[in-house]
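Everything on this sheet refers to the single structure shown next.
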Amino acid sequence: MLNLLWILLGSYVVGILLPFCLPRRAEVQSLSAGVPAVVATSAGVVLGLLGLTSSGFITGSLASTIPLLAFTIRIDPLAAFFLLTISLAGLAASIYALGYVRHFDGRASVSTIGSLFNGFLCSMTLVVLADNGFFFLIAWELMSLLSYFLVVTEHEKTEVRYAGLFYLIMTHVGTAFIIVAFLILFQGAGSFSFEIFRHPNQSLPEGMRTLAFLMALIGFGTKAGIVPLHVWLPYAHPAAPSHISALMSGVMIKTAIYALIRVYFDFLGGQFPWWWGFTVLFLGATSALLGVMYALMEHDLKRLLAFHSVENIGIILLGIGAGMVFQSYGLKELAALGLLAGLYHTINHAMFKALLFLGAGSLLYATHVRNIEEYGGLLRRMPWTGVFFLVGAVSISALPPTNGFVSEWLVFQSLFLSYQLPTAFLKLMLPIAAAILALTGVLALACFAKAFGISFLALARSTQARHAEEVPAPMLVGMGLLAAFCVVLGVAPMVMLPLLDRVVAPLAGISIEGKVLAMDGWALAPVNVEFSSLSTPALSLLLMALALLGWGLAVTFGGRLRKRRYKTWSCGINLTPRMEYTATGFVQPIKRVFSTVYQPTAKLETEFLHESRYFAKRRHFEFHIEPIFEKYLYDPLVAFFTTLADRLRVIQAGSLHLYLTYIFVTLILLLLLAV
Amino acid sequence: MQVLSYSGSQLVDLCSALLLLTCFAIVAQRRLSACVDLFALQSAFLVVTTALVAYLTGNQHLYVAAALTGVIKVIIIPRVLKKVIDRLNVKRELVMYVTVPAGLLICGGLVMLAFFISQPIIPLGFLLTRDSLAIALAIVLIGLFTMIARQKAVTQLVGFLVLENGLFLGATAATYGMPLIVELGVFFDVLIATLIAGIYTNRLQDAFDSVDTNQLTVLKE
């Protein structure tokens, strides 16, 4: 298995270096980056599966000359699970990239994108494998920086540079908090080795543990995109090339989930007060709801998907938060269920979000626009992309028989099981979280009805959409792979659950595989068969049967399936795209209902013909919704620091001599103090 | 052996003192080219000191360091600086923030400060060069002071180089020299820094028609 690890890391290194060594032809360069990435991610998939199924851990270490730093690697089930997730999404993205990077030929260096892509995947892999705090931070920073460079691929655009800068600042603020969290853990352990973090010589006092909890939550929460730390996400993810967006949104933000579980359940031993779990739960519910609500108002397809990442991180945190609450009351089975639900949603989200971003990339590739108002009728022009996008949309809307449904169902179950908790407050709060989750699901469905319907159905709204063509084969293969995973993980959760149980068992201290899988694995029953159970294969069969039945009934009794040509309702006028429902129109009712949250401003300017006020020459309509967090949280903060900097500018006189004097005086004072 | 190391120690102290003396001369000197000459002289003393320490202690690698000092600081850097001065056509440093007598007094104070600071450390050492430590510190402080007190970029560069000489002496005095690889690195750093600062001075002249670093305040936002 160590050989596999070498293949994995070696291929990434080859993928980083090779694109620069070969001739400057886009095809050659994309192959030279793509093939090593495919090899490496395949090795990662195998290694992840081996790590999940084998009984022992794979460890390896390489000493360094820097004190406290050791390049230690450990593949335990938790790391293996995330390795599997990263590698699966990475595999699809690297196949996809073979076709997609042609899109950038002439605009950006294909070799640089390919090399950074490999480096980015490699750093994410190292983040989950690292078994040393220092090494982890190095990999974490590499991941942040490489993704920054990928975000600013099209740096000639102002908004891309802004997005990159925003991302860079946010991710570094997050890293600062992570470093504090690690330093607190270091205090108890006296070493940066994760092994000693797990079994410290002296346990930390309660206050320090709480501080570590909060620091880790803020630090990793920034990367994960928890509300209100999510603000960078809708800027940065759309700015990157689409296969990178797929990885950033589908996988990179998951490394934060990995780290949170690692810190709370592994380092802090799963011993914490109830309010830790409640905080996570609360943030999860807020993120889920606000994420989807903002997504709904978004008409830039990639920004819409980025907001959905905020939502799905919220759902994952709902599962994990519920698990934490149960854990602090000693309800181990339920804790395991909550964690399992969260982790299941993690891999599911990685699959369908990567799929949707790749789909968005295909639309961008074919039409060169991102605004869904300018799509329309694409299903006819790009049938495969349309089908794959539909699979992703169904998954993210949590509809059976796809994977999103299964994991959200598990999250629901773990929230409903709160009646076993001893306190009335939590007994009430968890079902409320479930209600919020239900609302989230409905809104997500509305959002993807909009995204899919407006983009793929009806008539094309723009010349680009009218002349769109199906994307090349590698891109379709990449998307098809993910779509297949979405269906497999949805129809056959009994394959995934035993693996997840191996991840959860050491963290929660109990194995629940036997209880969750009822009827020899053909049905899911969260801990208790009487409470509720679900058989996904049966459900899929039922759905198929129903569909067949409907079709059969239509054929038998309808008898009107012949094509008829008839005047439409349009009063004899030919149908034009101007008659279509727009995305803005679609979300108008929802915007009205939730206007307290959105604070919308709509402006309609009409210029009339001066002969008559019954004829408008031109109408201009614009509406935008208030970015609440940016306005009320970030802007004051920025203003505060700007004022502070202005005050401090007094000492910046611009005089070289003065600066030297500062140094000189400080030096002498320090020397005198030393004596 | 005892006698030799005692007299050797005296010799090293003498050479270090000469280094310090040239520092005062630089502070008192108004002509730029003379400042550069004095720096070359100081570096020559540094070569002698280093070679002396090498001979007395048998640390072979110090000979290399001494030779490099000779080539770089006595020959190459002064030449570069002379060229810069020729091109800039500035012979005299007219403006100083501190008058020469006041500067000398301050430098005297700095030397006292350096000795005061190193007083508790010196008896702890057992090297024959240990007494040079205070002198090295004094040279560093005076170098820094020169950078502050002078306006012309060229003299500031000389101040920087004097400071570096002090550091080198300090390294020799405290530990019989750093590992050779470190010293090589430092030499190249200083050489490159001088070249860059020389170019920068030329640019300053082009931009402001003056090498007065005070002009840089207009760059402030």
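The values are calculated or read from the model by the stated rules, or taken from the named source; none is laboratory data. Bear in mind that the values here come from a model prediction, so they are computed numbers and not experimental data. Heads up, the Cβs are rebuilt from the backbone with ideal geometry, glycines too, and the neighbour counts pull from every protein chain shown. Note: accessible area is taken over every heavy atom of the protein model, side chains too, but ligands, DNA and RNA are not part of it. Shrake-Rupley method; radii C 1.70, N 1.55, O 1.52, S 1.80 Å.
Assorted remarks:
- Peptides A:31-43, B:132-144, B:201-213 ordered by average Cβ neighbours within 10 Å, highest first: B:132-144, A:31-43, B:201-213
- Protein-only accessible surface at a 1.4 angstrom probe places the residues A:Trp232, A:Trp275 in the order A:Trp275, A:Trp232, largest first.
- Peptide-level mean, for A:669-675, of C-beta atoms on other protein chains within 10 Å: 3
- Distance between segment A:75-114 and segment A:350-364 - C-alpha centres, whole angstrom: 13
- Relative contact order, percent, segment A:397-472 [alpha-carbon distance under 8 Å, six or more residues apart]: 25
- Charged-residue dipole, Cβ positions (Lys, Arg, Asp, Glu), the protein assembly as shown about Cα centre, Debye nearest 20: 2200
- Alpha carbon centroid spacing (whole Å) that separates segment A:570-606 from segment B:164-221: 66
- Kyte-Doolittle mean at least -1.0, axial Cα span of 15 Å or more - DSSP H helices of chain B: B:2-28, B:32-57, B:77-88, B:100-118, B:132-149, B:153-175, B:180-208
- Under the criterion of Cα pairs below 8 Å and six or more residues apart, the relative contact order for chain A equals 11 percent.
- The mean sequence separation of alpha-carbon pairs under 8 Å and at least six residues apart, normalised by the residue count of segment A:1-159, gives a relative contact order of 28 percent.
- Residue-by-residue Karplus 3J(HN,Hα) for segment A:655-668, coefficients 6.51, -1.76, 1.60, Hz, glycine and proline x: 9, 4, 5, 5, 4, 4, 5, 3, 4, 4, 5, 4, 4, 5
- Close amide H pairs (under 5 Å, H built 1.01 Å from N) link A:Ser193 with A:Gly133, residues at least 5 positions away or on another chain.
- By definition, a body whose alpha carbon gyration tensor gives a ≥ b ≥ c is oblate when a/c is 1.5 or more and a/b is not larger than b/c, and segment A:13-75 fits this oblate description.
- Per residue, the Cα convex hull of segment A:40-118 amounts to 116 Å³.
- Neighbouring partner chain Cβ atoms per residue of B:138-147, average, 10 Å criterion: 2
- Between segment A:1-50 and segment B:1-65, the Cα center-to-center distance that results, in Å: 58
- Over 31 Å (Cα to Cα) - which of A:Lys302/A:Lys617; A:Lys157/A:Lys353; A:Lys254/A:Lys427; A:Lys157/A:Lys223; A:Lys332/A:Lys591; A:Lys254/A:Lys631 fall in this group: A:Lys302/A:Lys617; A:Lys332/A:Lys591
- DSSP beta bridges in the protein assembly as shown [antiparallel fraction, %, rounded to 5]: 95
- Accessible-area rank, largest first, for A:Glu311, A:Glu374, A:Glu159, A:Glu141: A:Glu159, A:Glu374, A:Glu141, A:Glu311, with all protein chains present and a 1.4 angstrom probe.
- Each residue of segment A:154-165 was assigned a 3J(HN,Hα) from its phi angle through the Karplus expression (A = 6.51, B = -1.76, C = 1.60, θ = phi - 60°), giving 9, 6, 6, 8, 4, 5, 5, 4, 4, 4, x, 5 Hz with x at Gly and Pro.
- Highest average first, the peptides B:16-25, A:293-302, B:177-186 ordered by how many other beta carbon atoms sit within 10 Å of their residues are A:293-302, B:16-25, B:177-186.
- Highest mean packing first, where packing is the average number of other Cβ atoms within 10 Å per residue, the peptides A:541-554, A:254-267, A:349-362, A:203-216 line up as A:349-362, A:254-267, A:203-216, A:541-554.
- Taking amide H as placed 1.01 Å from N in the peptide plane, A:Ser535 has its amide H under 5 Å from the amide H of A:Leu524, each at least 5 places away in sequence or on another chain.
- Segment B:73-221 shape via C-alpha gyration tensor axes, a/c threshold 1.5: oblate
- Mean residue ellipticity, 222 nm, helices only, chain B: the sum of -39500 (n - 2.57) across DSSP H runs of n ≥ 4, divided by residue count and rounded to 500, is -25500 deg cm²/dmol.
- The convex hull of the Cα atoms of segment B:21-94, projected and averaged over all directions, covers 4.9 nm².
- Percent accessible area from carbon and sulfur atoms, the protein assembly as shown, protein chains only, probe 1.4 Å: 69
- A viscosity of 1.002 mPa s and a temperature of 20 °C, combined with the Kirkwood radius over C-alpha pairs in the Stokes-Einstein formula, give chain A a diffusion coefficient of 80 µm²/s.
- Cα gyration tensor shape for segment A:420-501, rounded if a/c is under 1.5, else prolate or oblate: oblate
- Per-residue 3J(HN,Hα) values for segment A:578-594, derived from phi via the Karplus relation 6.51 cos²θ - 1.76 cosθ + 1.60 with θ = phi - 60°, read 5, 8, 6, 5, 9, 4, 4, x, 4, 8, 3, x, 5, 4, 4, 4, 9 Hz in sequence order (x marks Gly and Pro).
- Per-residue accessible area (protein heavy atoms, 1.4 Å probe) orders B:Lys73, B:Lys83, B:Lys152, A:Lys332 as B:Lys83, A:Lys332, B:Lys152, B:Lys73, starting from the largest.
- Within 10 Å of the Cβ of each residue in A:653-660, the mean number of Cβ atoms contributed by other protein chains is 6.
- Residue among B:Ile142, B:Asn214, B:Leu195 farthest towards the positive dipole end of segment B:126-221, charges placed on Cβ: B:Ile142
- Chains B and A together bury roughly 1600 Å² of accessible area, counting both sides, with a 1.4 Å probe on protein heavy atoms only.
- Between A:Ser61 and A:Ile73, the built amide H atoms are under 5 Å apart, and every one of these is 5 or more places off in sequence or on another chain.
- Rolled with a 1.4 Å probe across the full set of protein chains, the surface gives A:His368 an accessible area near 130 Å².
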